[in-house]
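Worksheet: one structure, shown below.
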Amino acid sequence: MTKIVGFLVLSAVLMCGSLQGQNQSTAQNRVEFEPVGTVAVKPGKTTPVVFTFHVKPGFHINSNKPSTEELIPTQLRFSPPQDLVIAKVQYPAGQLTSFPFDPSEKLSVYSGDVAIKAVVMAQSHAGTGTYTVHGEFMYQACDNNACYPPKKLPVDFNVSVASASHGSTRPRPNKQSPHIH
Amino acid sequence: MNRNLALIGASIVASTVLLFAGKLLIQGNGAQAGSRLGAGDVVGAVAPDFELKLLNAEGKTLKLSDLKGKAVLLNFWATWCEPCKVEMPWFVDLQKEYGAQGLQIVGVSMDDDAEKIVSEFSKKMGVNYPILVGTEQVAEQYGGVEGLPTSFFIDRSGKVVSREAGLISLNQIVDRIKKSLGQSTEPKPVAAKN
């Protein structure tokens, strides 16, 4: 009986907490990341990769080169493990768009699907196996009336390093990249 | 058996009360003096008092309660907010026009660690009202300000007349300022010709 009473009270408390949490999570994600499949690369070689982000309808984010210096640029950054390099990050050109709040000004923005290209390179001494690369997509979104605080979206993906022609027997010290602080 | 039923009944009542208490917590209790606004309707609620650092004032602060007796337009904004920049020149003009009648516009900058940028920007815009360095705590007190601009129109007794999330028109802003000043917002009747 005590257990039943305790369970009912606990459930009510948890439901209150959940309701509160749902209400506070108005910090919705206005951008979503489309997960990338495992990228295969050989030691000493490079592989291209495309990271796709979906900006939800009704919203836009600043491009990587926004129109004024106060605006927060979109950026994609990685902290790869020491055996990998993520390079040549290429942002698409922004769309020059004016909005109802100021039809006289054109802003350089992204909307809809945003494809950012990069290249993954494995160092020549990289050990075989699967590495996890941690990254962050930093953006600041607005709609036609308001702007929302800058956000960081985790962007994690796996890289599979295949054995080189002359196999490396060096053990891989650390598969994980450090967390970005 | 009866005791068990009574216990079950009591726990159901307690759970229901807790659920409603949680719901009220979410909606906010407008009658509470100055603690926190809810996310729902806040008209008539007492605007929570706060104390924030004044920009370019060598550590001085401003409390909302310092402005008691004035109508306050409390505007949350940021330099990265383009719609905010549209209304700032309006605020400069409105402060000039209605300041003598008791209006005080107060800007709360939600930029992160950017006082120099905010200061330069405010100067560039010719801002003639106090700019405060905002905090997440004060944003939470005001119901969790997320979208910018968000403005609260507060009357002379410290009660919220209106909350506006997002950019609204100049006419709408003037209407709300007049309400907070206790002025009529009805169009003046045209005098009859004799």
For A:Val114, net neighbour charge (Lys/Arg +1, Asp/Glu -1) across residues whose Cβ lies under 13 Å away:
0
Quick one: which residues, 5 or more positions from A:Thr128 or on another chain, have an amide H under 5 Å from its amide H? H modelled 1.01 Å from N in the peptide plane, none for Pro or chain starts.
none
Per 10 Å bin from zero, what fraction in whole % of the C-alpha pairs of the range B:31-181 is there, up to the bin with the longest pair?
11, 46, 38, 5, 0
Give me P(r) over the range A:28-161, computed from all C-alpha to C-alpha distances, binned every 10 Å, as integer percentages.
12, 41, 26, 15, 5, 1
Label model pair A:Asp102, B:Gln137: point-to-point distance (7 angstrom along the Cα→beta-carbon line) in nm is 3.3 nm
Rounded to 5, percent antiparallel among DSSP beta bridges of the range B:31-181
60 percent
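Assuming 1.567 mPa s and 4 °C, estimate D for the range A:39-89 with Stokes-Einstein, Rh taken as the Kirkwood radius over Cα pairs, in µm²/s. List each step's numbers first, then the result.
On the way: Rh = 14.0 Å.
Roughly 92 µm²/s, to the nearest whole number.
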Explain nothing, just compute: Karplus ³J(HN,Hα) = 6.51 cos²θ - 1.76 cosθ + 1.60, θ = phi - 60°, for every residue of the range A:33-46 in order, whole Hz, x for Gly and Pro.
9, 8, x, 9, x, 4, 8, 9, 8, 9, x, x, 10, 10
Charge tally in the Cβ shell below 9 Å around A:Thr52, where Lys, Arg are +1 and Asp, Glu are -1, A:Thr52 excluded
-2
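We did not get these values from a lab; they are worked out from the coordinates using the rules stated. Keep in mind that this is a model prediction, so the values were computed, not measured. Cβ coordinates were reconstructed from backbone atoms using ideal geometry, including for glycine residues, and neighbour counts include every protein chain displayed.
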